[in-house]
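Enquirer: This is the structure I have questions about; it appears just below.
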Ligand SMILES: C[S@@+](CC[C@H](N)C(=O)[O-])C[C@H]1O[C@@H](n2cnc3c(N)ncnc32)[C@H](O)[C@@H]1O
C-alpha cells in the first residue's frame, strides 16, 4: 500500500469547541488518571522507545511512558498542541507533533512498533479507516494498545441513546454508541485481546469500556 499524503490541519480545530474540548481534557486530566491510571500503567508497561499515539489530546497518557520515549503525536486539534507540548516537557517526552488525522497518517507502511489510542475511536469521523491506517503503519508483530468506551445494551444502552446527541456536540463528535470492539476485531489483526470493564465515574455514557492489545 502506498504512503498517503499528510492531511494537514483538521476541521476539528473549531475556534470555540476546539478550545472548549482542550480545556475540558485538561480539567479532567487528574480525574481520568485516578479512574484508569492503574490499568493504563499495566497496559503501557513495556512500550518501545518510539510510540505513535493517535488523538493524544492534552497528553493524558504521557505520564505512563518512560522519560525519553519518542512520541509521534497525531493530533488534528491545534488547540491541544500547547498543553500537549507542556505535558511532554513535564514528563521528559521527546514529542513529534503532527497536525494530521488518524485516518491519514503521514508515516510509511510497517514503520512503527507500537501505537496507542485512548478515547479516540469514539471521536474520529471514520473509525474503520483510522484502525486500518494504524494497522498499515504497524510492522508485522507491532501492537495497537487501546482503551476505549463502547456501546452498551439494555437500559444503559437506552440512556446512551438519549445522551448521544448533546454529548456528541459538546465533545466534538464523540459517539457513545460505537461498537469499537467490533471495529478492531474486523481490522484483520493477527490477534486481538480485549478486556471489558466499567469505569466508576459520573460519566455514565462512556461506559462500558474496553482495554486491550491488537497485534498485526
Ligand atoms: C476524547 S479526546 C481523548 C484524548 C486523549 N487520548 C485522552 O485519552 O485523554 C479525543 C481526541 O481525539 C482527537 N481526534 C479527533 N478526531 C481525530 C482524528 N480524525 N484523528 C486523530 N485524532 C482525532 C481529538 O482532537 C482529541 O484530542
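Enquirer: For the list (1) near the ligand (Cβ under 7 Å from one of its atoms); (2) touching a helix residue (DSSP H, G or I) at 6+ places or on another chain (Cβ under 7 Å); (3) modelled with pLDDT of 95 or more, I need the number of the one condition that residue 77 fails.
Expert: (3)
Enquirer: For region 97-117, which positions are within 12 Å of the chain's Cα centre (by Cα) and either assigned to a loop (DSSP other than H, G, I, E, B) or surrounded by fewer than 24 Cβ atoms within 10 Å (Cβ to Cβ) (or both)? Steps first, answer last, please.
Expert: As a first pass, look at region 97-117 and keep what is within 12 Å of the chain's Cα centre (by Cα): 101-102, 115-117.
Result: 102, single match.
Enquirer: Scan 173, 154, 141 and give me the residue that is at positive phi and within 11 Å of the ligand (Cβ to nearest atom).
Expert: Numbers: 154 fails: within 11 Å of the ligand (Cβ to nearest atom); 141 fails: within 11 Å of the ligand (Cβ to nearest atom).
On inspection, the qualifying residue turns out to be 173.
Enquirer: I would also like to ask the following. Would you check if residue 166 is within 16 Å of the ligand (Cβ to nearest atom), more than 24 Å from residue 42 (Cα to Cα) and loosely packed, with under 12 Cβ neighbours inside 10 Å? Before you say what the answer is, go through the steps one by one.
Expert: Numbers: within 16 Å of the ligand (Cβ to nearest atom): yes; more than 24 Å from residue 42 (Cα to Cα): yes; loosely packed, with under 12 Cβ neighbours inside 10 Å: yes.
Answer is yes for this residue.
Enquirer: On to the next question. Show the residue pairs meeting these rules: Cβ distance below 7 Å; 6+ apart or different chains; first residue within region 45-70 and at positive phi; second residue more than 16 Å from the ligand (Cβ to nearest atom).
Expert: 68/92; 68/94
Enquirer: To continue, here is another question. Which residues, counting only those in region 129-156, are exposed (fewer than 14 other Cβ atoms within 10 Å of the Cβ) and either in contact with a helix residue (DSSP H, G or I) (Cβ under 6 Å, 6 or more places away or on another chain) or more than 15 Å from residue 182 (Cβ to Cβ) (or both)?
Expert: Correct list: 139, 140, 141, 154, 155.
The values are calculated or read from the model by the stated rules, or taken from the named source; none is laboratory data. From a predicted model like this one, the values you see are computed outputs, not experimental measurements. For neighbour counting, all protein chains shown are included, and Cβ atoms are generated from backbone atoms with ideal geometry for every residue, glycine included.
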